[in-house]
Each structure stands twice: as C-alpha cells, then as structure tokens.
Amino acid sequence: MATIVRDFPHAVRVIENVFIPLADGTCLAAKIWLPDGAEREPVGAVFEFLPYRKGDGTAPRDEVMYRYLAGNGLAGVRVDLRGHGESDGLPDDEYTPQEQRDAQEAITWIGSQPWCNGSVGMTGISWGGFNSLQVAAHRPPALKAIMTLCSTDDRYADDVHYKGGAVLAMDMLHWDTYMLLANAQPPDPRIVGERWREMWMARAEAASPLGEIWLQHQRRDVYWKQGSVCEDFAAIECAVYAVGGWQDGYSDAIPRLLSGLSCPRKGLIGPWGHTRPEFGSPGPAIGFLQECVRWWSHWLNGEANGVMDDPMVRAWVQDSVPPAPTHHVRPGRWVTAGSWPPPFASATSWQLNDGSIDRDPLPPVERTIRGRQICGLDAGAWCGEGETADDPDDQRADDGMSLVFDSAPLEQPLAILGAPLVTLDLASDRDRAALSVRLCEVQPDGASLLVTRQLLNLTHRDSHEHPQPLEPGRRYSVEVELDDIGHRFAVGSRIRVAVSPTYWPHLWPSPEPVTLSVFTGPGSRLELPVIPLDAPTDDEPFGSPQSAAPLELVELATQRTSRVLTRDVQTGRSDLTYLWNSGSDTVLPHGMRVAFDNEAVYSIVEGDPLSAQVRCFQGISYRRDDDGWLVRIEARGTMTCDRDAYHLEHRLTTWEGDVPAHERTWTRSIPRDLS
C-alpha cells in the first residue's frame, strides 16, 4: 500500500475545467492542478492527452498523480482528445496526425500561460505514452522532456493488432469494440450545457469499427509507419524516460528506445503489468511518483537533483516462481546498466537437438508437429493488467501439444537480460502457416513456467512489408527474436524451447491445419543473453510508494475480473471467457455515476481452424440521480473467418433514459492477406 501524503511543500489549486482554443476553432477540455502561487513564480507543466474522459474515466488516478506533482512544485494539465469528454470535434482513429497537431497546439498554449515557466513535459501510460513519443518527434519548442509508460515506438510490431505479422485474436477485436464504445460517449451536460445531446449524437453517428481499418492493413505499410517513431529515432531530441513491466505487452519498446535514441534517456522495466509502477502489480511496487518529481523537476524546473547521474537502465531480473494465473509479487533484483544492451550481457548459444538442448549439435533429425487448435489456452493475456488472473498458468498442457527441447538440469543459476533468439530449420506442409515459440523453465517437480515467447506469421519470415507464401515441403531457416525479459533460472531446472504452429487465442489460426517439421542439429539453435550472477544491482532504489489522497468514491459495485475456460469434450469446442474490470458501479464526488461491463469470449473447435470466433461486449452508463440524467451505450463485436476472409460484425446502441437514441450495425468481410 502507498503512503498517503497530505502535507506537501506547496498548497494545490485545482481548475476543474478550462477550454484550450485551437487554430481551427475547436476547443479542448482540460483540468489543471497548480502549486499555489504559480502565477507569481511560474513552474514547469506536465501535460497528458487522452481519450479516456478526465471528468470520470481517469479522474481517480489523475487526482492522485497530479495533486502529488503540484504539491511538489509542478503544474499538471490533463486534456481530453478531440471528440472525447467535453472536447469539441469528432473522434477519429488512433494516433492520427490530427491528434499530434492538436497536442502541439496544446503544448504551445500551456507554455504561454502565466503559471508556466515555458517548459512543458508530456506523459502518459498506454495511449498517452504512444502520443508522447509521437509528439516528441515533432519537436515543439516548449517540449523539454517526456515520460512514456507502457507504449511503443513501433505501432505494427507492438500493439493490439499484430505480433510477428500474425493477427492477434486476443486483443484486436476487444480493443476495437471498446473504441467503438468510447467514441460514442457523451460530454457532461454540467460542463457543455444544452448542446450536449447534439454533440453526443454527432459522435455516435461518426463512430465506426476501427478493426475494419486495421484488418485492411495486414502488412507493415505506411498506415503503421505513421506514428512509429522507430522510423526516425533521430527526430526525438528532448529527454525520454521509458517505463514498463515484463507482464505488459509493450516492454520490448524500452530496449529499442534505449539503443535507438541519441537524446538524453533512461529506462525502467519492472515486473509489472499494464499499470503504473506506484501501483506495482505484480509487486514490488516502487516510489515512482517520487521518481517522477525528480525527472520533471530536473528537466522542467532546472533542478540539479542527480536524476541523470543514475544508471541509464534499471531492469527487474525475476526469480523462478511456481507457475500460477496470478502472482502478487515476483521476487527478483534490480540490475543496472549504463547502456543497452547491457555491456555485461553475452550471447550464449545452445543447439536444438532431438528433443534436447545441448552445447554441441548432434546428428540431425526431422521432428514434426500437427498443430492442435487448443494449444495456447493456458497462455494468459497478451497484455497483463497485474493481479487479475492474466498470468500464463502451468505450461505443461501447451508443452504437450508442442515440439519441446529440454536442457539438462542446471547445476547453477542462469540469469538472462535481453531478447532470446531461436533459429529454426523448418518446413510446413501448407503455403500459409504461423509459429509460436516459447521459452520455459521446467522446474524439478515438472511444472513449466513461461519465461518469454514470440509469434511469427511464417509468410512474414523475411519481411513484414513484403510477405511471401511458403513453398510446402521446402526448408527455411527462420529467426525468431523472443520478447525481452529479465529472468533467473534456478538450480535443478531445465531450459525448455516449445514450438507450435498454433497458439489460440493469441494467434488467429491458419486457414488449414498445419503440420510443421523442425530439423534439429546445426540449423536449429537457442541463443540467450546471459548476464553474470553478480551483475550490478541496486537495492530498493526508489523508496516506498507514495500518493496524494485519492478521490472519495462511492462504489456501489466493485469491478470483477475473471478467466473461465469451458470445454465440451463431445463437440471439441472450447470457450475462454474473460471479464476485464467488469461490473463496476461508482459515484464520483461531483455526482456522476458510472457503471461499466466488459466481456470477451474466445471460441474454437479442436481440429477446425475455421471455427475460430471472438465475441466482445462493452457497455457503459452515465447518470446523475439529482436531475435524472441517464444515458447508456453498448457496443458488440464478432469476428470469424473462412479460408479467404475475416468477417466482422458490429452493433452500436445508445439510450437516453429508457428510450433508444441511436443504433447502427456494420457487417464487413476483409480478405486474408497471407495470414
């Protein structure tokens, strides 16, 4: 638990809503936290730009973070994107050039306010981390530094749409359905007045399923390159602090940023999921708000506090633990380095032989695996949220449906930090096939702990921009770089590499069952980024978590998160159902009552890849009991396939009170592009 801080060096003044004017006449809604007296002694300002509604969506988190920053001498400015919350305009796709232009105008406005000293920082987790990087690449003069959490430099490689060129069944439709809901939410009548309904109906009419756009771009084309700062790292000149966790879906971006950028930069990777480090789930949580104050005070207020004298990167190297769907804490240690890759990491190679991992190659053997469609049901979430049953469970069932290669029991611990590399000499019996590669730790009792993994659409083996079909039966040498990880294998454990052409529901299945051949011996190997057991460490470098006093919320119903697997043995159908933070009903201090529901079901029939189906439901209602105002929005999405196309169905429905206000449906088939 965080220590609640109530007595700050500065008293805090809050401006609940102000409109930032843009050149095209649009006004963006903002909430501002100021240290008392900032108009007399201006301070640096930290800016966050999101679609998630400052008035209620992120209000509890914003109050904790920005009151803490303001109490320590920094302004906080939380702004809603165009078409969201109380901001004018209509919602659009993710991370658009318009969004980036709006952010630059907002930064100019913030920097010119009498309470700002002219220096602005930009921050955010997930969406706000994405656009912090994207806006930094435009180099607005007032922007001096950013802090990007759980985000990516490459929109194609590391987001909810594709991984290794493979369609992500786990997250694409789920996120698409959420954005359909989010883009149709109303403004607050208490702020915008009588025009709220006109704004709401315009948003609902403009909303459309973004998944239709994403599936039209199955290759890494110009659509994905826009907003991917890895296209030109040199464009970013301001200071960058990149933060994330190993359980998060975006952690690979941090090593790429550290090695690709040339500006002042720092990196922090903990054991956490898609959450801020002060909440630290799974633990240990850290005093991250104190670290934020150090970073921003240095870059925005000119304070010489030594933050840039610290190591460039701190990464949590996790110890071995029994596999479980939820971990409250991941034991380990902070390893530090002055650069990335860590100068003390050495690439160490092993050969993949006939079921074994050895230092030397043995005579080659052809090993085959016919993919089972239910392989992957113990994979956990692609992007874990922390203590929410998102972790991969024991991998023995999935290992039993894969080709596995095991080392001898380790005679001493083995620590790695970086991206393992698996090279496979393989062949497929189909012209379209995919690959799941997992690195596991098989513990002495036989339990299999997932360490890291990767997916690859094998038609993308040489290029995500120019994929090519496979020639059935032809041998290919394929390199698969697994997700970066910090992990310490225990004495007595075995290192396992597991290979499968299926991985549901992370990987959308190939159009036909695939039999994969792996040729062991000299052409198939594992390379691990091994670090010394006495690599530089930093014990408890951040102190204990702190926060400002949270908003006083009334929770009429608490959020529920669950993961339920049902399997009909007779029909062969498996249904994996996720509830993600669903069923909440909360009253905010200003009287807004918000209830939210969120469900995703991933279904497949063993032996039939064309039976794959994802169904998602998102629902939200807003009401005020004192004046009877009530609106509800529901979004539903379904994704199926045949051999040649993906099929999407969506429905968006809104109500004002008990009366339907707007309804629209979409049906779309999009050709499969070598997937």
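A convex hull fitted around the alpha carbon atoms of segment 1-100 yields 113 Å³ per residue. The count of lysine pairs in the chain that are at least 8 places apart or cross chains, and whose C-alpha atoms lie under 30 Å apart, stands at 11. Of all DSSP-defined beta bridges confined to segment 247-381, some 65% are antiparallel rather than parallel.
Could you tell me how far the Cα centroid of segment 1-56 sits from the Cα centroid of segment 78-146, in Å? About 13 Å separates the Cα centre of segment 78-146 from the one of segment 1-56.
How would segment 491-574 be classified by its alpha-carbon gyration tensor: rounded, prolate or oblate, with rounded meaning a/c under 1.5 and the a/b versus b/c comparison settling the rest? Since a/c reaches 1.5 but b/c is at least a/b, the shape of segment 491-574 is classed as oblate. If each DSSP helix of 4+ residues adds -39,500 (n - 2.57) and the sum is divided by the residues in the chain, what number results at 222 nm, nearest 500 deg cm²/dmol? Rounded to the nearest 500, it is -4500 deg cm²/dmol.
Against the main long axis of the alpha-carbon atoms of the chain, helix 127-136 sits at an angle near 80°.
Counting only protein heavy atoms and a probe of 1.4 Å, the accessible surface of segment 28-166 is 48% carbon and sulfur. Across segment 414-461, the mean sequence separation of Cα contacts (distance under 8 Å, 6 or more residues apart), normalised by length, yields a relative contact order of 34 percent.
Report, to the nearest 10°, how far helix 172-182 tilts away from the longest principal axis of the Cα atoms in the chain, using its own Cα long axis and a range of 0 to 90°. With rounding to tens, the tilt is 10 degrees. Determine the percent antiparallel among the DSSP beta bridges restricted to the chain, to the nearest 5. DSSP beta bridges in the chain are roughly 80 percent antiparallel.
Report the normalised scattering of segment 174-251 as log10 I(q)/I(0) at q = 0.13, 0.17 Å⁻¹, calculated by the Debye formula with identical scatterers on the alpha carbons. For the requested q values the scattering log ratios are -0.73, -0.95. Seen against the Cα atoms of the chain and their longest principal axis, helix 97-111 is set at about 50 degrees. Once you sort the root eigenvalues of the Cα gyration tensor of segment 102-214 as a ≥ b ≥ c, which label holds: rounded (a/c under 1.5), prolate (a/b larger than b/c) or oblate (the other case)? Oblate, since a/c reaches 1.5 and b/c is not below a/b. Note that the chain presents 35 Å² accessible area per residue, ligands and nucleic acids not counted, probe 1.4 Å. Between Arg624 and Ala304, the FRET efficiency estimated from the beta carbon spacing at R0 = 60 angstrom works out to 0.80. For segment 635-640, backbone phi angles converted through the Karplus equation (6.51, -1.76, 1.60; θ = phi - 60°) give residue-by-residue couplings of 10, 10, x, 9, 10, 9 Hz, Gly and Pro being listed as x. Inter-part distance, segment 604-668 to segment 221-263, computed on C-alpha centroids, equals 33 Å. Of the trypsin sites (Lys or Arg not before Pro) in segment 422-506, the ones in a loop by DSSP (not H, G, I, E or B) with at most 10 other beta carbons within 10 Å are Arg474. Shape class for segment 571-675, computed from the alpha carbon gyration tensor (a ≥ b ≥ c): prolate, with a/c not under 1.5 and a/b above b/c. Taking GluC sites (Glu not before Pro) across segment 537-636, the ones in a DSSP loop with at most 11 further Cβ atoms lying within 10 angstrom of their Cβ are Glu552.
Note on segment 573-675: with neighbouring protein chains present and a 1.4 Å probe, carbon and sulfur make up 45 percent of its accessible heavy-atom surface. Computed over protein heavy atoms with a 1.4 Å probe, the carbon and sulfur contribution to the accessible area of segment 398-555 reaches 44%.
Three principal axis extents of the chain based on alpha-carbon atoms, in descending order, are 77, 58, 43 Å. Roughly how many whole Å is it from the C-alpha centroid of segment 286-361 to that of segment 420-492? Here the two parts' Cα centres lie 23 Å apart.
The values are calculated or read from the model by the stated rules, or taken from the named source; none is laboratory data. Small disclaimer: the values here were computed from a predicted structure and weren't measured. Every residue, glycine among them, receives a Cβ derived from its backbone with ideal geometry; neighbour counts consider all protein chains shown. Ligands, DNA and RNA are stripped out before the accessible areas are found, and what is left, the full protein with its side chains, is counted by its heavy atoms. Shrake-Rupley method; radii C 1.70, N 1.55, O 1.52, S 1.80 Å.
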